[in-house]
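Some notes on the structure that comes next.
The values are calculated or read from the model by the stated rules, or taken from the named source; none is laboratory data. Note that the structure is a prediction, hence the values are computed from the model and not measured. So basically every Cβ, Gly included, is an ideal-geometry build from the backbone, and we count neighbours across all protein chains shown.
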C-alpha cells in the first residue's frame, strides 16, 4: 500500500511539474511605439493582437497563448536584435506587425533561419512575397505593389496623367514609388520627377515646392505615419491641395484627426479595411476603441494584426498546439481558408501573400462627416484578383513555374 501511495504521489508530482513547465505559445508584436509610426501601429497593434487571443479563447491546442511587445525605434539593428533575443531566449514563436520594411526584411530572414513564423501585418515591401519570400513568412493586410499599382491605375483612369512623387528615402518609400510609377507609365501617363526625404522629416517645404513647380496633375505621397501627415498638412498651407491632386498612397484613418477634412479634400486612398464599411468591421472597431487609451479607431494594419493572429492561432490549434515548427505552422496557414469578421473569406497563396479585396476611397466633405472618425467614403471595391501582384511575376523561389 505504501508503495502504491508513493507511486501515485510521484505520478501526481510529475504531472504537476509538467504542467508548471508547459511552454506557452508566445506572439511578439514588434513595431514603432515612440516614433513616426507610433499611431499607425504602436499600442494599437498590441491591442488588436490581444483581442484576437481573447476571441480564440486564450489557448491554441490547449496551450496558453501570451502576447509580448517591444519598440524597434525604426532602427534596423535594434529591431533585429530584439527579434533574435525573442527567438533565442524569449520563447517567442511568431512575430507580427513590423512596420519599417528594412526591419521586416531582416526579421523575415531571421524567422527562416530559426524556423519561426513572421507575419508582416504592418510591413509594406512586396519583396516579402517576391524574391525574398520564405516558407516561414506570411504577408498580411497590404503591400507596396498593391497600393502603388491600384491607386495609380484608378487616378490615371480618372484623368491624372502626370505625376510627381514625394517619397521616404528607404526601402518602403522606394518600393511604393516604383510600383506607382510603373503603373502610371503603363497606363499612358508620365512621371515628371521625385523628391526623397529622410524618415522623420518635419519640414517638407522644399519637396512641396519642387512638386508644385513640376506642374504635375497628381502628387504621389509615398511616405507614411507622421511623415504623411506633415506632408499633407503643409501642402494645404501652400495651397497645393486645391490645385494639384494628392494621392495618399498609405494615408489612413489614424492620420485624419491631426489633418482635418478641409485639408484633405479630394484625396484618394486604397485600403483593405475601414472601420465603418460593414457590420463586422464596425463591431471590431467598437471593441477596439473601448480598449484604446485615446479611443482611436483602428486602421487597416491594426485590423490586419487581429486577423493575422486569429488565423495563426487556428493553424497552431490544428497542429495540436505545436508552435515550435514555424514552417509547419505556415504550411497549415496556407492550407486553411481564411475567414474572420474583418476581411471575410480569403486565402494565403503559396508565396505567402494573404488575399482579400481592397477599397478605393476618398475623403468626405465636412458636411458629410458625422463624427471624428467618419472621414472616408467608398468609391468602389477592388476584388483580390485585381489587387495583388500575379504570383508568377514576383520571383518567389517557393513558386514552381
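Between 44, 57, 35, the distinction of being under 20 Å from the mean Cα position of the chain (by Cα), at pLDDT 95 or above and either in a helix (DSSP H, G or I) or under 30 Å from residue 307 (Cα atoms) (or both) belongs to 44 only. Taking region 382-391 as the range and being modelled with pLDDT under 95 and exposed (fewer than 15 other Cβ atoms within 10 Å of the Cβ) as the test, the residues that pass are 383, 385, 386.
Residues in region 113-142 that are touching a residue at least 40 places away in the same chain (Cβ under 8 Å) and in a helix (DSSP H, G or I): 114, 126, 127, 128, 129.
Within region 357-401, the set of residues being farther than 23 Å from residue 158 by Cα, in a loop (DSSP other than H, G, I, E, B) and not assigned by TED's automatic domain parsing to the domain that holds residue 182 comprises 390, 394, 395, 396, 397, 398, 399, 400, 401.
One residue stands out in region 245-272 among those that are in contact (Cβ under 8 Å) with a residue 40 or more places away in the chain and surrounded by fewer than 17 Cβ atoms within 10 Å (Cβ to Cβ): the one that is farthest from residue 152 (Cα to Cα), namely 257.
Write out, first by first residue and then by second, each pair whose Cβ atoms fall under 7 Å of each other, whose residues are 6+ apart or on separate chains, and whose first residue, in region 210-223, is outside the structural domain of residue 250 (by TED's automatic domain parsing) and under 14 Å from residue 235 (Cα atoms) while the second is buried (at least 24 other Cβ atoms within 10 Å of the Cβ) and modelled with pLDDT under 95. Sorted first by the residue in region 210-223, then by its partner, the list stays empty. The set of residues in region 204-240 that are touching a helix residue (DSSP H, G or I) at 6+ places or on another chain (Cβ under 7 Å) and farther than 25 Å from residue 182 by Cβ comprises 205, 229, 233, 234, 236, 238. I'd like to know if region 77-94 contains one or more residues that are within 23 Å of residue 393 (Cα to Cα), touching a residue at least 12 places away in the same chain (Cβ under 8 Å), surrounded by fewer than 19 Cβ atoms within 10 Å (Cβ to Cβ) and over 15 Å from the mean Cα position of the chain (by Cα). No, region 77-94 contains no residue that is within 23 Å of residue 393 (Cα to Cα), touching a residue at least 12 places away in the same chain (Cβ under 8 Å), surrounded by fewer than 19 Cβ atoms within 10 Å (Cβ to Cβ) and over 15 Å from the mean Cα position of the chain (by Cα).
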